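Please read the structure below before turning to the comments.
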Amino acid sequence: MNKKYVAPPYRIKMVEPIKVTTKEERIGFLKDAGYNPFSLRSEDVYIDLLTDSGTGAMSHFQWAALMMGDEAYAGSRSFYKLEKVAKEITNYKYIIPAHQGRGAEQVVLPQLVDREGLYFISNMHFDTTRAHVELAGARALDCVIDECFDTENYHPFKGNFDLKGLVNIIEGKGKENIAGIIMTITNNSAGGQPVSMENMKEVKKIANKYDITLLIDGARYAENAYFVKQREEEYKNKSIREIALEVFQLADIFLMSAKKDGISNIGGLICIKEDTDLYNKCRTYIVPMEGFPTYGGLTGRDMEALSVGLNEALELDYLEHRMDQVRFLGDKLRDAGVPIQYPVGGHAVFVDCKKFAPHIPYFEFPAQSVSNALYLEAGVRPVEIGSFLLGRDPDTHENLESPLELMRLTIPRRTYTYAHLEVVAEAVIEVYKNREILVGLEFDYEPPVLRHFTARLKPIKK
Ligand code: PM9
């Protein structure tokens, strides 16, 4: 049977009403928000595709687990449960919870930077990771394959490291100046694109050869494992859990925003394979930054829900449906001629706004302009991943030009139906039909760090 879609492997037990607003209302809301969807009130949004981070629906097992939370300041039973689950998944020796991904980053990354002039190399740093690399006094270099920037052509693993480029950077900067290599799986900023096992194994060989610490930024490691299973022949009969375990054995440190593949509203993890010295440093440093090492900024109930969510995110039927939702939205847009990053990745459809609005230059933020138009059209909130997000060069303070100008339509886990995604597709197609009327944006207020979260903008009148 030719399936139209993969129906959800769950039924709905509780609903949260959402409301459609009028276009006139949305014009006012967006103006008040400084033309930055981050500043919209969520109740003024109809379908919220800003992020898949912390926005998923918990299962009844997770809600039930909340009641088991042990809120002891130290030595919470809920911590030991979480530690057990995380150890089973990673086979790492040391587990420390953090309040979310950036909490883990702010604790671990400074431990790897002991002087000026150091670099981290990643297939692509996520924006908070880049910010913490820079706050620690190092510099962040990206090194992804060129195919990633060609949004039209199929490549099964557009998140892969450019291996030659990686070696060139290490030799060019000197191996003693590389603080770490960060494998971001999936590669969020390039379209939720997966990294192949083959590529990760090669990265591991390079890290070994030059004796460089290897980190995994694995917010979406289960989704990455799903792509490995689908697209690498050797792994088609392995379980998601087996694939994930094999990936973790390649690295020394695993940092996780557990708000994604932990299907929790909050949470992060620091997992260290075996380096006791690093573990002791992180354990000490986390106290002033996040909290005591057996809670790291989380309540006992958060740790309970996360312990359950981590296992649920590894279930194949859950992943098949999740990936199919992304595929469904991607196909609708592609069929209508809307340019997207192809093939779609794991958690979102990324619309190529360099092609969508070529008349808007990078410093006037084309993808932000398209995102705002989509909100005005149908109350759908996407997020910009392009030059607005990328920010300024930390040394010259010039606006950086992002190689891709993307509008991300991020699909929260177990939250929306295929019908919602149809509404989204129709709205994007409508904006696309009228794309020549879109205008660029300029700053009204620009914050110094991670500007896209809180900046205020205004449309440029020509
Ligand atoms: N990612 C996202 O929407 C949430 C913040 S932006 C709305 O994609 C990676 C690969 C991420 C990530 C967050 C973090 C930081 C690290 N690595 O948000 O601090 O995608 O939990 O995680 C977001 P936290």
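Just so it is clear, none of the values below were taken in a lab; they were calculated from the coordinates. As the structure is a computational prediction, the values presented were derived from the model and not from experiment. Because the Cβ atoms are built from the backbone with ideal geometry, glycine has one as well, and the counts that use them run over all protein chains shown.
Quick rundown of the values:
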read-out: Global geometry of the range 399-462, whether rounded, prolate or oblate, following the gyration tensor of its Cα atoms and the 1.5 cut on a/c; value: oblate
read-out: Entries in 84/204; 4/238; 13/458; 31/355 that, when Cα-Cα distance is taken, lie over 31 Å; value: 13/458
read-out: Cβ crowding within 10 Å averaged over residues, with 272-279, 347-354 ranked highest first; value: 347-354, 272-279
read-out: The chain: relative contact order in percent, alpha carbon pairs under 8 Å with at least 6 residues between; value: 23 percent
read-out: Dipole of the range 108-152, positive direction: furthest Cα of 141, 119, 108, with charges on the beta-carbon; value: 108
read-out: Peptides 212-221, 384-393, 3-12 ordered by average Cβ neighbours within 10 Å, highest first; value: 212-221, 384-393, 3-12
read-out: Helix-only mean residue ellipticity at 222 nm for the chain, each DSSP H run of n ≥ 4 adding -39500 (n - 2.57), per residue, nearest 500; value: -12000 deg cm²/dmol
read-out: For residue 383, distant residues with modelled amide H under 5 Å away; value: 408, 410
read-out: Mean separation of Cα contacts under 8 Å, 6 or more apart, over the residue count of the range 225-364: relative contact order %; value: 16 percent
read-out: Nonlocal amide H pairs with residue 72, under 5 Å, H built at 1.01 Å; value: 77
read-out: The range 231-278 - charge dipole about Cα centre, Lys and Arg +1 at Cβ, Asp and Glu -1, debye rounded to 20; value: 380 debye
read-out: Dipole moment magnitude, nearest 20 debye, the chain about Cα centre, only Lys, Arg, Asp, Glu C-beta charged; value: 700 debye
read-out: Shape category assigned to the chain from the gyration tensor of Cα positions, a/c cut at 1.5; value: rounded
read-out: Principal axes of the range 230-275: Cα extent on each, largest first, Å; value: 34, 29, 13
read-out: Order of 365, 292, 61 - criterion: other Cβ atoms within 10 Å of each residue's Cβ, fewest first; value: 61, 292, 365
read-out: Partner lysines for residue 209 [C-alpha distance under 22 Å; skip if fewer than 8 residues away on the same chain]; value: 164, 173, 175, 201, 273
read-out: Those GluC sites (Glu not before Pro) in the range 112-178 that DSSP places in a loop and that have at most 12 other beta carbons within 10 Å; value: 116, 152
read-out: For residue 440, distant residues with modelled amide H under 5 Å away; value: 460
